[in-house]
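Everything on this sheet refers to the single structure shown next.
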Amino acid sequence: MSVPTPPGVPAPGSVPAADVRAELRAGMASLAAPEAPSGAAVTSDLSIDETLLLHSIGWVPVDLVNGVSVYAVPGGVWVWSQGEIAPATEAHQRAVGAAVARLRRECEHVGGAGVVGVEVTIEVHPHHVDVELVGTAVRPAVAPPAGRRGHRGPLPEVFVSDLSARDFVLLHGAGWAPLGLAYGTSFVNVPRRSASTALQQRTQNVELANFTNALYSARESGMERMQETALHLGATGVVAVHVAEGPLSFARHAVQFSAWGTAVTLVADAHQRIAPEVVLSLDDRDIAFAAQSLRGR
Amino acid sequence: MTAEPPDAPVPTAAGEAAAGEADVPREAAARLATRSSASALSIPDLAACLEAGLEPVGLVQGFCAMQWAFYGAGSPYLRSASPLSGLPRGAYSEQWACPHGFVSAEHRMWGQNYEQPWVEAAWAQGFGSAFQRMLEEAGDAGAHGVIGVVDTARHLADMNVVEFHVLGTAVVVRDAPPPPGERPWSTYLAGMRLTKLLEAGMMPVSVVAAMVSVRVWASCVTEYLSEGQAYGWGTAGTAEIEQVSRARAAARSLARQRIRDQLGADELHGARAGLDSRELGQGDEVVECTLRGTRVRRFKHVDPLPAPRPTVRLG
Amino acid sequence: MSTTPTAGDLPEDAGHRLEELGEGLFTSDLSVNEFLLVKEAGFHPLGFVMGSSIYHTGVQLRKFSTSQELTKLTEAMYHARELAMTRMEEEADQLGADGIVGVRLDVNYYEWGSDAAEFIAMGTAVKSEDGESYRNAKGKPFTSDLSGQDFWTLMQTGHVPRGLVMGTCVYHIAHRGLGQALGSMGQNVELPNFTQALYEARELAMTRMQDEATELEATGIVGVRLEEKTHQWGSHTIEFLAIGTAVERTGEAVTLPRPTTIISLDN
């Protein structure tokens with residue numbers, strides 16, 4: 001037993017196994033019962049495992065929320081010149097920023113404490129950057145979200161995280177909390193090679209230093225921007241960083257580097273070790289995780 | 001329960017009309033009468049369902065082939081006329097006026113986003129009929145519920161035909177009274193996930209789905225922004241393409257609303273959203289959002305569960 | 001080999017391999033996990049068995065605007081698979097097997113023959129360790145496409161596999177006449193004839209599958225898959241294939257132990 005048990009939550013093994021057949025009958029009987037007056041319906045894209053995991057730390061799903069933004073990239077920015085392609089970078093940064101802000105607003109509006117399992121879709125087209133964020137707003141079942149504090153001070157009202165509900169629960173157990181989405185991007189022109197260099201390199205095994213340098217420069221600025229957003233959120237770390245990098249399909253002379261992840265901070269007094277148990281599985285199918293039953297035996 | 005089935009996944013009148021017909025073909029009825037029952041469940045799902053007292057009685061399915069035409073695919077002849085003449089607007093529509101005060105045959109004087117209820121009605125009819133036919137097959141087999149539902153909508157090659165297909169495994173619960181209104185309950189879940197749902201105090205009511213279609217007729221600003229020609233029109237280079245952003249957000253929000261309208265006081269579990277935006281050129285596009293999930297009823301309060309044990313797998 | 005392929009016509013080369021397997025060595029395409037679970041279910045693998053048939057499918061004329069079953073093609077698809085399956089069963093029979101698990105049925109098209117295809121079936125022959133016979137109502141080894149894990153789980157529920165059953169129907173979907181297409185242009189409406197045709201094709205496939213199960217005196221079919229293939233006939237001619245494992249209830253279910261609640265840290 002390693003994930004700390006919140007007050008009021010039974011320890012594993014202390015609850016008898018449920019009689020599923022009896023539950024089924026009770027459930028079917030409820031279908032025949034007169035319908036309750038329509039209330040605020042909960043909608044969620046969490047799986048039952050994720051719902052149960054959240055439930056085990058006393059959190060519940062509230063509503064599906066989304067944040068969308070499409071930003072224009074001005075014409076003419078993809079002509080081959082030098083250095084960072086600032087307008088493209090700016091469009092990308094602002095599109096993600098606007099989408100995150102909208103997601104957060106929707107979450108506040110439905111009374112969530114944060115959004116977990118945010119699916120991040122970013123598409124870069126020659127003339128526009130499309131960002132779509134979709135996730136499920138969640139909140140603690142009893143305590144109001146206000147008053148969340150990290151060791152560096154109060155936490156933002158509402159967090160946005162692309163971590164799954166499972167990861168959120170694991171982090172929670174270890175004493176950490178997500179603060180928001182950290183993101184950074186950079187588009188950089190690959191410097192031209194001189195005609196003589198290009199000719200020389202045609203038949204040799206050589207490093208294409210111009211490409212290497214361009215990627216390095218994009219990576220450095222992109223990562224730096226991501227770190228800035230994380231620091232701005234008061235984070236002590238960024239976990240599960242996703243990276244998209246490489247030349248653009250429509251502009252081979254330009255390279256893109258984008259990174260995003262969840263900014264986290266320690267909210268407990270100290271990190272809680274989770275001490276995992278080692279198991280041997282006889283299952284070939286890759287099941288990422290399974291909260292296999294409500295009640296252990 | 002009210003007289004009206006609370007959970008038909010058909011948000012519009014057109015869909016409900018289609019859902020009323022009793023039209024399981026002869027062939028299906030004959031097959032369901034045979035002795036051995038088929039099930040589309042995987043073996044682990046089957047084992048979990050048998051343990052919960054759910055006995056499969058047959059693989060049930062429903063189809064609906066719909067003629068599918070695309071509307072107003074960016075026709076240049078329609079540029080100067082309002083596309084909305086004589087068509088219902090739906091719940092969402094917005095207009096953008098040209099800020100330039102410039103009159104020309106090539107320059108767009110207005111832009112519009114609007115919901116396309118007729119496309120949604122056709123989708124609802126296709127999905128609703130296929131779903132209803134599946135439920136009728138299940139009803140004929142004396143089922144209490146249909147589990148492990150899978151639905152697809154696919155374009156048949158080169159025919160402008162979309163085929164809706166809904167498939168599931170009909171189950172009975174021994175000695176249980178028939179479902180209210182003789183209408184079997186249904187869910188996308190099966191197996192362990194279903195039994196866990198029951199253990200968590202939630203009973204599936206019905207599969208629910210909704211599709212929202214929003215058409216974007218680009219305004220001049222949207223057109224220039226999405227073509228990278230913003231220069232010369234007094235627009236800053238990097239700017240949000242507000243019209244497109246709003247259309248996509250509206251499609252998602254409306255889909256959520258349509259699902260909510262089918263939920264009553266119940267919850268939506270395991271939602272899956274799909275967003276498809278098809279560019280029709282010059283900033284025009286059609287945004288289609290499909291949202292589906294299982295409507296579940298909470299039949300008891302469940303105390304928090306024991307925290308799970310973290311494990312690392314060998315091998 | 002006779003000109004009309006029938007049962008009992010295994011190519012000679014197959015014999016030697018099987019003789020060697022008779023001497024205590026076994027081969028199997030089961031993973032270690034599957035192997036252990038098959039043993040857990042009380043079975044021992046005997047050998048990797050297969051059967052194949054290169055089949056030339058005939059030609060059948062289709063009416064442009066009529067939806068109909070193409071019976072000649074249906075028969076061809078059926079017969080070819082049957083041949084491959086039967087040859088695989090014969091190999092298993094020679095090993096004295098009770099059944100074959102993990103059966104895979106594939107169709108391969110080769111460049112050297114138009115309208116010719118190889119139908120191939122392979123799996124692992126197994127024999128019960130308690131000496132009881134698990135052969136089916138036809139006295140043949142059972143076949144099933146279940147993995148080792150699924151096989152063990154199924155046995156736990158008090159069912160035994162009886163045979164891999166399938167039904168197929170090759171169907172031609174009518175082209176729509178120009179008049180028809182124009183008449184309904186711009187409207188999204190149901191096309192009842194299409195719906196009916198697609199229903200009929202799939203129901204025929206499903207019914208044939210269930211008939212096979214009934215012949216085996218099965219009480220159910222599990223893991224049914226519905227597949228649609230156009231093979232090489234063009235987009236309007238579709239093979240609808242229903243396939244699953246026929247099972248029979250033989251005993252009471254062993255109550256599975258309730259899994260404990262875990263959260264895996266594996267990616």
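The values are calculated or read from the model by the stated rules, or taken from the named source; none is laboratory data. Since the structure is predicted, the reported quantities are computational estimates derived from the model, not experimental observations. Backbone-built Cβ (ideal geometry, glycine too); neighbour counts: all protein chains shown.
In this structure, does A:Ser258 turn out to be hydroxyl-bearing (Ser, Thr, Tyr), outside any strand (DSSP E or B), in contact with a strand residue (DSSP E or B) (Cβ under 7 Å, 6 or more places away or on another chain) and over 29 Å from A:Asp49 (Cβ atoms)? Spell out how you get there, then give the answer.
Details: hydroxyl-bearing (Ser, Thr, Tyr): yes; outside any strand (DSSP E or B): no; in contact with a strand residue (DSSP E or B) (Cβ under 7 Å, 6 or more places away or on another chain): yes; over 29 Å from A:Asp49 (Cβ atoms): yes.
For A:Ser258, the condition - hydroxyl-bearing (Ser, Thr, Tyr), outside any strand (DSSP E or B), in contact with a strand residue (DSSP E or B) (Cβ under 7 Å, 6 or more places away or on another chain) and over 29 Å from A:Asp49 (Cβ atoms) - is not met.
Yes/no per residue for (1) free of Cβ contacts under 8 Å to residues at least 24 places away in the same chain; (2) among the hydrophobic types (A, V, I, L, M, F, W, C); (3) assigned by TED's automatic domain parsing to the domain that holds B:Cys289; (4) under 25 Å from C:Leu191 (Cα atoms):
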residue: B:Gly126; (1), (2), (3), (4): no, no, no, yes
residue: B:Ser129; (1), (2), (3), (4): no, no, no, yes
residue: B:Gly142; (1), (2), (3), (4): no, no, no, no
residue: B:Asn160; (1), (2), (3), (4): no, no, no, yes
residue: B:Phe164; (1), (2), (3), (4): no, yes, no, yes
residue: B:Val173; (1), (2), (3), (4): no, yes, no, no
residue: B:Tyr188; (1), (2), (3), (4): no, no, no, no
residue: B:Thr195; (1), (2), (3), (4): no, no, no, no
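Condition test on B:Ala170, is it within 15 Å of B:Val296 (Cβ to Cβ) and more than 8 Å from every other protein chain (Cβ to nearest Cβ)?
Working: within 15 Å of B:Val296 (Cβ to Cβ): no; more than 8 Å from every other protein chain (Cβ to nearest Cβ): yes.
In short, no.
Which numbered condition in (1) facing chain B (nearest Cβ under 10 Å); (2) crowded, with 24+ Cβ neighbours inside 10 Å is the only one that C:Pro141 fails?
Result: C:Pro141 passes all but (1).
For the subset of the stretch B:241-250 comprising residues that are touching a residue at least 60 places away in the same chain (Cβ under 8 Å) and surrounded by 22 or more Cβ atoms within 10 Å (Cβ to Cβ), which member is farthest from the chain's Cα centre (by Cα)?
B:Gln243
Here are some residues: B:Ser213, B:Ser206. Which one is within 11 Å of chain A (Cβ to nearest Cβ), among the small types (Gly, Ala, Ser) and more than 21 Å from B:His301 (Cβ to Cβ)? Steps first, please.
Details: B:Ser213 fails: within 11 Å of chain A (Cβ to nearest Cβ).
It is B:Ser206.
Hey, among the residues in the stretch B:173-193 that are touching a Gly at 6+ places or on another chain (Cβ under 9 Å) and within 14 Å of chain C (Cβ to nearest Cβ), which one's modelled with the highest pLDDT?
My answer is B:Ala190.
Kindly establish whether A:Gly261 is closer than 15 Å to A:Phe168 by Cβ and either within 11 Å of chain C (Cβ to nearest Cβ) or modelled with pLDDT of 85 or more (or both).
yes
Can you pull out the residues in the stretch C:200-225 that are within 7 Å of chain B (Cβ to nearest Cβ) and not in a helix (DSSP H, G or I)?
Of everything in the stretch C:200-225, those that are within 7 Å of chain B (Cβ to nearest Cβ) and not in a helix (DSSP H, G or I) turn out to be C:Ala218, C:Thr219, C:Gly220, C:Ile221, C:Val222, C:Gly223, C:Val224.
Against the condition at pLDDT 90 or above and hydroxyl-bearing (Ser, Thr, Tyr), how does B:Ser226 come out, does it pass? Walk me through it before giving the result.
Details: at pLDDT 90 or above: no; hydroxyl-bearing (Ser, Thr, Tyr): yes.
Considered against the rule, which asks whether it is at pLDDT 90 or above and hydroxyl-bearing (Ser, Thr, Tyr), B:Ser226 comes out as no.
Has the stretch B:199-213 got any residue that is at pLDDT 90 or above, out of contact with any Phe, Trp or Tyr (no Cβ under 8 Å at 6 or more places or on another chain), of a type in the set (Val, Ile, Thr) and crowded, with 23+ Cβ neighbours inside 10 Å?
yes
Name the helices (runs of 4 or more DSSP H) wholly inside the stretch A:136-247 in which the number of residues that are of a type in the set (D, E, K, R) and at pLDDT 85 or above is 2 or more.
Numbers: elements: A:165-173, A:195-201, A:209-232.
Qualifying helices (runs of 4 or more DSSP H): A:165-173, A:209-232.
So which residues in the stretch A:121-131 are surrounded by 21 or more Cβ atoms within 10 Å (Cβ to Cβ) and under 20 Å from A:Pro178 (Cβ atoms), if there are any at all? Can you show your working first?
Applying the first criterion (surrounded by 21 or more Cβ atoms within 10 Å (Cβ to Cβ)) to the stretch A:121-131 yields A:124, A:127-129, A:131.
Across the stretch A:121-131, the qualifying residue is only A:Val131.
When the residues of the stretch A:70-97 are filtered to those that are surrounded by fewer than 17 Cβ atoms within 10 Å (Cβ to Cβ) and of a type in the set (A, V, I, L, M, F, W, C), which remaining residue is farthest from the other protein chains (Cβ to nearest Cβ)?
A:Trp80
Is at least one residue of the stretch B:153-169 crowded, with 21+ Cβ neighbours inside 10 Å and outside any strand (DSSP E or B)?
No.
Quick one: which helices (runs of 4 or more DSSP H) sit completely within the stretch A:14-127 and have at least 1 residues that are touching a residue at least 12 places away in the same chain (Cβ under 8 Å) and within 19 Å of the chain's Cα centre (by Cα)?
Values: elements: A:20-32, A:48-56, A:86-109.
The helices (runs of 4 or more DSSP H) meeting that bar are A:48-56, A:86-109.
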